[in-house]
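The values are calculated or read from the model by the stated rules, or taken from the named source; none is laboratory data. From a predicted model like this one, the values you see are computed outputs, not experimental measurements. Note that each Cβ is placed from the backbone with ideal geometry, even for glycine, and that neighbours are counted across all protein chains shown.
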Amino acid sequence: MKIFDVLLLVMVMFLIGNLIFISQHKHLLIILLSLEFMVLSIFLFMLFVMMYMYYNMYMLMVFLVFAVCEGALGLSILVSMIRTHGNDYFQSFNLL
């Protein structure tokens, strides 16, 4: 597989994640999953670029640490929202 094919695949993955994030969904869990899908596509992009350029992979570990922290924060917001409101609908969640 050529590097161009892989980068095109990663770009399509990122665009699909963006389309799911932008579309009107009622549940917070679907939006969190689309964000994690976009993070996965960015990780794959960084992996193939760093492998192609023969860079060290330490930056990927830092990126994964931030991605895991972002996922844990999203899940904690989801759990607290379910405990306070009873569901994860955006319509029942008021920002004021």
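Of the helices (runs of 4 or more DSSP H) lying entirely inside the chain, the ones with 2 or more residues being more than 20 Å from the chain's Cα centre (by Cα), at pLDDT below 90 and surrounded by 11 or more Cβ atoms within 10 Å (Cβ to Cβ) are found at 28-53, 58-85.
Cβ-Cβ distances below 8 Å connect the following pairs, each with a first residue in the range 79-96 that is closer than 13 Å to LEU32 by Cβ, a second residue that is among the hydrophobic types (A, V, I, L, M, F, W, C) and at pLDDT 80 or above, and a separation of six or more residues or different chains: MET81/LEU28; ASP88/LEU28; ASP88/LEU29; ASP88/LEU78; ASP88/MET81; ASP88/ILE82; PHE90/LEU28.
Of all residue pairs spaced 6 or more apart or on separate chains, those with beta-carbon atoms under 7 Å, a first member in the range 12-29 that is among the basic types (Lys, Arg) and a second member that is in a loop (DSSP other than H, G, I, E, B) are LYS26/PHE90; LYS26/GLN91. The set of residues in the range 27-66 that are closer than 26 Å to TYR89 by Cβ and in contact with a Phe, Trp or Tyr (Cβ under 8 Å, 6 or more places away or on another chain) comprises HIS27, LEU28, ILE31, SER34, LEU35, MET38.
In this structure, LEU47 does not qualify as aliphatic (A, V, I, L, M) and touching a residue at least 40 places away in the same chain (Cβ under 8 Å).
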